[in-house]
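Right, one structure below, let's go through it.
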Amino acid sequence: MKRTKGIHKTIFVHDPSMTGWGWVILSLQGEIIDRGVIKTEGGGKKSRIRKGDHTVRRISEINSILLSKIKEHNVVHMISELPHGSQNAQGAQMIGIVADKVQTIADCLGLSVDWFNEGDAKKCLFNRQSVTKKETIDKIDSLYNVPWFNIKYKDEAIADAMAIYHVAMEQSNTLKMLKQMEK
């Protein structure tokens, strides 16, 4: 899956979340080079550390992995799902954190980033909004050569990231320009 010869420009696709951040690195031609899920744990109620300290620790864990992957794979462009909706104030805070994380990393490293909604991906893949995770995995599996983990939460996060890539293939002018430049 990983290339060893030469330096190739790559795209970093995100399904961002504080608990299970799905990511895929693709060549400009669409070949999956690397993929994974960053799983971070909350502090739990029995912990004697402040909740905010756990949040900062989780942010740092995610930063470390994202930055190492950007460096390792010569990322030139990022594509991300734009998180939406929450059940409570803490959920709203986490949505803000993950969106900020992608944009801040892009800004600090001089990378371009495209944002797409989950609904855009579902409409692009299925022409409807109501779609199960299993349907998404099956559809992505039929369209792309994905090396699945065969672990439910990981495969769901990878499928969601690839769904965002799929909509970007149709709608991202930046991605089209990068592919054209690569020819």
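Computed values, structure above
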{"quantity": "Residue among E81, E135, E118 with the largest mean-square fluctuation in a Gaussian network model of the chain, springs linking Cα atoms under 10 Å", "calculated": "E135"}
{"quantity": "Choice from A157, A106, A121 with maximal GNM fluctuation in the chain (Cα, 10 Å cutoff)", "calculated": "A106"}
{"quantity": "Above-threshold pairs, the threshold being 18 Å between Cα atoms, out of K9/K179; K9/K71; K133/K179; K101/K134; K39/K152", "calculated": "K133/K179; K101/K134"}
{"quantity": "Within the chain: Cβ-based charge dipole about Cα centre, in debye rounded to nearest 20 (Lys, Arg +1; Asp, Glu -1)", "calculated": "540"}
{"quantity": "Considering only segment 10-182, percent of DSSP beta bridges that pair antiparallel, nearest 5", "calculated": "55"}
{"quantity": "Taking S130, S60 and counting other C-beta atoms within 10 Å, the order from fewest to most", "calculated": "S130, S60"}
{"quantity": "Among 30-37, 109-116, the order from most to least packed when residues are scored by Cβ within 10 Å on average", "calculated": "30-37, 109-116"}
{"quantity": "As computed over segment 10-182, the Cα convex hull volume per residue (Å³)", "calculated": "119"}
{"quantity": "Footprinting exposure proxy for T136, T104, T55, T19 (fewest neighbouring C-beta atoms within 10 Å first)", "calculated": "T104, T19, T55, T136"}
{"quantity": "Per-residue Cβ neighbour rank within 10 angstrom, fewest leading, H77, H8", "calculated": "H8, H77"}
{"quantity": "Pairwise FRET efficiency - M169 versus D141, Cβ, R0 = 25 Å, nearest 0.05", "calculated": "0.95"}
{"quantity": "Rough spin-label spacing in nm, given labels placed 7 Å along Cα→Cβ, for K183 and A92", "calculated": "4.7"}
{"quantity": "Size of charge dipole - segment 63-123 - debye, nearest 20, with Cβ of Lys, Arg +1 and Asp, Glu -1, no other charges", "calculated": "120"}
{"quantity": "Positive-pole candidate from V24, L178, G36, dipole of the chain, charges at beta carbon", "calculated": "G36"}
{"quantity": "Kirkwood-based Rg to Rh ratio, segment 59-129, C-alpha trace", "calculated": "1.03"}
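Taken together, the values in this text are just the output of simple stated rules run on the coordinates, not laboratory data. Fair warning: this is a prediction, and the values are worked out from it, not measured in the lab. All Cβ positions, even for glycine, are placed from backbone atoms using ideal geometry, and neighbour counts span all protein chains on display.
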